[in-house]
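A short reminder: the numbers here are calculations on the coordinates, not readings from a lab. These numbers were taken from a predicted model, which means no experiment stands behind them. Positions of Cβ are backbone-derived with ideal geometry, glycine not excepted, and every protein chain shown enters the neighbour counts.
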Amino acid sequence: MTPQLQQAIKLLQLSNLELAAFVETELEENPLLEREDAIMSDDGDGDAAPEAPANDAGDAATLSSREEISTQDAPLDSNYENVFPDDPFRGAGTGTTATRGNSDDLPGIEQTQASEVTLREHLTEQLDMSIEDPMDRLVGRALIDSLDDRGYLSTGVDELAEQLGCEAAQVAKVLDILQGFEPTGLFARNLIECFSLQLAERDRLDPAMQAMLENLELLAKHDMAGLRRACGVDEEDLADMLGELRTLDPKPASSFDGGTVEYISADVMMRPKQGGGWEIELNNDTLPRVLVNRAYYAEISEHAQAKDEKAFVQEKFQSANWLVRALDQRARTILKVSTEIVRRQDAFFRHGVTHLKPLVLADVAEAVKLHESTISRVTTNKYMATPRGLFELKYFFTTAISSTDGEEAHSAESVRHRIKLLIDNESPKAILSDDKIVKILREDGVDIARRTVAKYRDSLKIPSSVERRRMKRATA
């Protein structure tokens, strides 16, 4: 694998923030690179740029930035084309991209990536360790993405449930788990809940302290006599309670990662198309747009006399052209993969999380004629804004369970959700055994084994039918 191919693949797997940092470094290192707006403003003098060398594909990327899907079963309609002689994202590992010169002079992409773990990464790691069910993880990631800069939840439970097409009870259950994450106080919906979470973690949320939280307006008015009466404590106890209140953090996100919540910007925008179907386009606000300043290249080429000077100018010119092409190819690849994902997961966007279809990397790779490893890179740290919220592209990949009637397979996540709904709605007098659940699902066209039902039930932390029967008898 050539250094140029390695660099192109690394570009593909960067998030838009990491990419922007890398491009910023390239702009500082290469005098022939310009931001698009800068070079456009410099073209007003009418000077003609020199002809490009024969092997040059142009100094600006022309992006096919929008795709449309008319129906769920419509074929992928893409104007995707290879910018490189050998498409580096096909995973072939042969051939070269445009000659880039000595790659040892290039700053490593790793140098542009943040060394500190962000709050979102910190929470996502806790989420993956705490929740096994993929559907609950999807809800959890949506909750994480809903945090504001204080660490408070900016989206209501009902609103988020409507976006995801699931029950509010499921969102509330996941939220309850996330409110136990560190730093304590995150995912609160207001100041009182934020303080309550921190006090409960310290085992200090007694009735008196709860009464103080419910009467913070008296504290704001400095009405200490009224506050003592509301809390039912004397002056000394009130002083102790106020001292403890001062140790709480009203903005728990500020205690992590320099107080900054990492906001996610969508790489791809998806919206309903008039008349049906979907429109998918790149988010141009997140795309670094750089051009090769040909006028400056002509000027310094003319004055370069020494051999090493000419080599330097040529290397920078080739380097600039390479970056423009790589950015264009990266954008086109993201658009193409996103379009295929939307086409295959149309039912999810129309009906909600229970309609996720089975999808693996190989399915998309075959459809868009790219390597599986490329699909993996494209779908990591790339986000799509949809009518149901902001999702990482990798969310839409789920394992499959066969259909009993030979029809389309079922998503493992949707089957797991159906098992949960069956058990949630079972009658105390008719507890469903795993065998009974298998029978019900098979009648609905889901070909599933008893051990798979047991595995999914265990992943949902649902007791066996014997244990559930015993528990419901005890509470009857």
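Anything over 22 Å Cα to Cα? Flag those among LYS173/LYS420; LYS10/LYS273; LYS251/LYS461; LYS336/LYS394; LYS382/LYS455, in the order listed.
From the list (LYS173/LYS420; LYS10/LYS273; LYS251/LYS461; LYS336/LYS394; LYS382/LYS455), the Cα-Cα distance tops 22 Å for LYS10/LYS273; LYS251/LYS461; LYS382/LYS455.
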Just order 169-178, 137-146 by mean Cβ neighbour count inside 10 Å, highest at the front, would you? 137-146, 169-178
From the Cα centre of region 416-444 to that of region 175-235, the distance in Å is 41 Å
For region 168-224, the Kirkwood Rh over every pair of distinct alpha carbons, in Å, works out to 12.4 Å
Can you work out the Karplus-derived ³J(HN,Hα) for every residue in region 228-245? Use 6.51 cos²θ - 1.76 cosθ + 1.60 with θ = phi - 60°, whole Hz, and x for glycine or proline. 4, 5, 5, 8, x, 10, 8, 5, 5, 5, 4, 4, 5, 5, 5, x, 5, 4
Could you work out the local net charge near PRO272, counting Lys and Arg as +1, Asp and Glu as -1, over the other residues with Cβ closer than 10 Å to its Cβ? +2
Might you report the magnitude of the Cβ-based charge dipole of region 193-287 about its Cα centre, with Lys and Arg at +1 and Asp and Glu at -1, to the nearest 20 debye? 320 debye
Region 156-306: spread of alpha-carbon positions along the three principal axes, whole Å, largest first, is 87, 53, 27
1/(1 + (r/R0)^6) with r = Cβ-Cβ of ALA225 and GLU182, R0 = 51 Å, i.e. FRET efficiency to nearest 0.05, evaluates to 0.85
Inter-site label distance for SER376 and ARG470 at 7 Å from Cα along Cβ, in nm: 4.3 nm
For region 264-423, just the Cα atoms, rotate onto the principal axes and tell me the three extents in Å, largest first. 80, 31, 26
Efficiency by 1/(1 + (r/R0)^6): what FRET value for GLU235 and ALA172, r their Cβ-Cβ distance, R0 = 45 Å, to the nearest 0.05? 0.70
Sequence order, region 166-181: Karplus ³J(HN,Hα) from phi using 6.51 cos²θ - 1.76 cosθ + 1.60, θ = phi - 60°, Hz rounded, Gly and Pro as x, gives 10, 7, 4, 4, 5, 5, 5, 5, 5, 4, 4, 5, 5, 5, x, 6
